[in-house]
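K.L.:
Quick one: the structure is below, questions incoming.
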Amino acid sequence: MGKELASATARWLHIDAAFARPEIVAICDIDETARQWFQTHVPTCKMVSDNPEDLISHNDIDGIYCAVPHHLHADLYVRIIQAGKHLLGEKPFGIDQDANARIVAAAEARPDILVRSSSEFPFYPGAQAVIHSLEEAAMGQIISVRARFLHSSDLDPNKPINWKRLVKFNGQYGCMGDLGLHVMHIPLRFGWEPKRLVAQLSNIVSERPDSQGHLVPCETWDNASIHGIIEGHGCSFPITLETKRIAPGEMNSWEIEVDGTRRSVAYSTKNPKTLRIMDYEDGGVQDWKHRDLGYSSAYKAITAGIFEFGFSDSLLQMWAAYLDELVHGRDKMTQPFHCATPQETVASHRVMSKALQNALS
Ligand SMILES: NC(=O)c1ccc[n+]([C@@H]2O[C@H](COP(=O)([O-])OP(=O)(O)OC[C@H]3O[C@@H](n4cnc5c(N)ncnc54)[C@H](O)[C@@H]3O)[C@@H](O)[C@H]2O)c1
């Protein structure tokens, strides 16, 4: 992910975001090959280190994007914040609830530091269109919400194990820790945190080859389906949150569907430029429409509206939102959708922890 952010930074000219110009002046990785990649590809980089402290203590660094395995989140994020550096961290923002609480306490002690979690899918034009529909209160009464994030490469039992399949590095949440904030970001932004839920977790492939080809335990949950109820403000509706590493044929499909009595909207990155939408009046025809949105991004880009938007565009947009908030403050951003907050990560940990308890009880 560090390389992805470096690429987004190199593409800054792509968007209309003259309020800031990020420059990568230093990078850190314990892996020599990764360090060499940054040295070769990021000409602005003046320092390359294998020790995070070199960045954390450096006076010329204003902020750090930290994308490391989950067991390192709490120690590194807390050090970065306490050193007075702005932080764009990665989800799940701590390997478990305790780690998350440590990070959030550090963030709350430094309100002068902008602390946000990466979560880029809400910046797809279709996701933004869903958000706008929800903001316009165009939905009528909400009937149900479904958000999913689906991968499939783990269907191959011969795919070698990596840190994301080991509890020690990825955490007990398994696929939820990896993918959960991605599906919860928009629901949580609208206050939809299921307080009551049931969860189904499955570990489908229980062994995988290691780098030498020996079969070793693959401990983490592959798939999770959380079914909850959203209650309050005179409404009650079901929400389904699915995170799957083994969803046959799905390659990084991020989806959201919100059905309402007046409007239903659905978007999937599988068809990146198309929003499905159904407006309804009593007794009227029920016909879903397919609206091509093209490249209608939160931050205007040089790409013409007729072209497709993709994963790397969503990261660039998210990066712009982070810097927009840093420069202007949350209330004066040039567009209103800000990155996931520490409090939203706290809510995501509550949901994932409840799901674990529910599935294991
Ligand atoms: N936003 C997204 O779409 C997205 C996608 C994938 C991963 N992630 C998140 O990004 C984070 C990293 O995941 P990844 O897929 O990039 O993992 P990765 O394994 O590809 O990269 C992690 C890097 O961290 C380095 N590293 C490990 N320990 C270190 C240490 N002590 N100091 C410095 N560097 C160290 C590794 O050498 C490696 O290069 C995780 O939190 C993951 O959940 C986010």
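Read the figures in this text as sums done on the coordinates, not as results from a lab. Note that this is a predicted model, so its numbers are computed, not measured. Here the Cβ is made from the backbone with ideal geometry for all residues, glycine too, and neighbour counts use every protein chain on show.
K.L.:
Size of the dipole of the chain about the Cα centre, Lys and Arg at +1 and Asp and Glu at -1 on the beta carbon, nothing else charged, in debye to 20?
P.N.:
Charge dipole, the chain, about its Cα centre: 260 debye, nearest 20.
K.L.:
Run the quick spin-label model on Tyr280 and Ala109: label points 7 Å from Cα toward the beta carbon, then report their separation in nm to one decimal.
P.N.:
5.1
K.L.:
Hey, with R₀ at 35 Å, roughly what FRET efficiency would Glu219 and Lys289 work out to, going by the Cβ-Cβ distance, to 0.05?
P.N.:
0.20
K.L.:
Taking the Cα centre of the stretch 2-117 as the origin, how large is its charge dipole in debye, to the nearest 20, when only Lys and Arg (+1) and Asp and Glu (-1) carry charge on their Cβ atoms?
P.N.:
It comes to approximately 280 debye.
K.L.:
Can you list residues whose amide H is under 5 Å from Lys300's amide H, if they're 5+ apart or on another chain and H is modeled 1.01 Å from N?
P.N.:
Asp16
K.L.:
Moving on. Using θ = phi - 60° and the Karplus form 6.51 cos²θ - 1.76 cosθ + 1.60, what ³J(HN,Hα) does each residue of the stretch 136-144 get, whole Hz, x for Gly and Pro?
P.N.:
6, 6, 8, 7, x, 7, 6, 8, 6
K.L.:
According to a simple spin-label model (label point 7 Å from Cα along Cα-to-Cβ), what is the distance in nm between Gln141 and Asp31?
P.N.:
Taking the simple label geometry, Asp31 and Gln141 are separated by 5.2 nm.
K.L.:
Here's something else I'd like to know. Around Leu293, which amide H atoms from residues at least 5 apart in sequence, or from another chain, sit under 5 Å from its own amide H, with H modelled in the peptide plane?
P.N.:
Thr274, Leu275
K.L.:
Moving on to the next point. Measuring from label point to label point, each 7 Å out along Cα→Cβ, what is the Arg350 to Asn203 span in nm?
P.N.:
2.9
K.L.:
Something else now. Among Ala301, Ala340, Ala137, which one shows the biggest mean-square fluctuation in a GNM of the chain, springs joining Cα atoms closer than 10 Å?
P.N.:
Looking only at Ala301, Ala340, Ala137, the largest GNM fluctuation is found for Ala137.
K.L.:
Grab the beta carbon distance between Leu360 and Arg11, set R0 = 35 Å, and tell me the FRET efficiency rounded to 0.05.
P.N.:
0.20
K.L.:
Could you work out which residue, out of Cys66, Cys175, Cys45, moves most in a Gaussian network model of the chain, that is, has the largest mean-square fluctuation with Cα springs under 10 Å?
P.N.:
Looking only at Cys66, Cys175, Cys45, the largest GNM fluctuation is found for Cys45.
K.L.:
OK, next. Less than 15 Å Cβ to Cβ from Ala247, Lys/Arg counted +1 and Asp/Glu -1: what total charge do the surrounding residues give?
P.N.:
-1
K.L.:
Could you state the number of Å between the C-alpha centres of the stretch 102-165 and the stretch 7-38?
P.N.:
23
K.L.:
Now for a separate question. Set the bar at 19 Å for Cα to Cα. Now go through Lys159/Lys244; Lys3/Lys300; Lys195/Lys354 and name every pair that lies beyond it.
P.N.:
Pairs exceeding the cut-off: Lys3/Lys300.
K.L.:
Once R0 is set to 35 Å, what does the formula 1/(1 + (r/R0)^6) return for the Cβ-Cβ distance between Asn158 and Ala18, expressed as a FRET efficiency to the nearest 0.05?
P.N.:
The calculated FRET efficiency here is 0.10.
K.L.:
Sticking with this structure for a sec: Skipping prolines and chain starts, which residues have an amide H placed within reach, meaning under 5 Å, of the one on Cys218, given they are 5 or more residues away or on another chain?
P.N.:
Residues meeting the criterion, in which the H sits 1.01 Å from N, are Glu207, Arg208.
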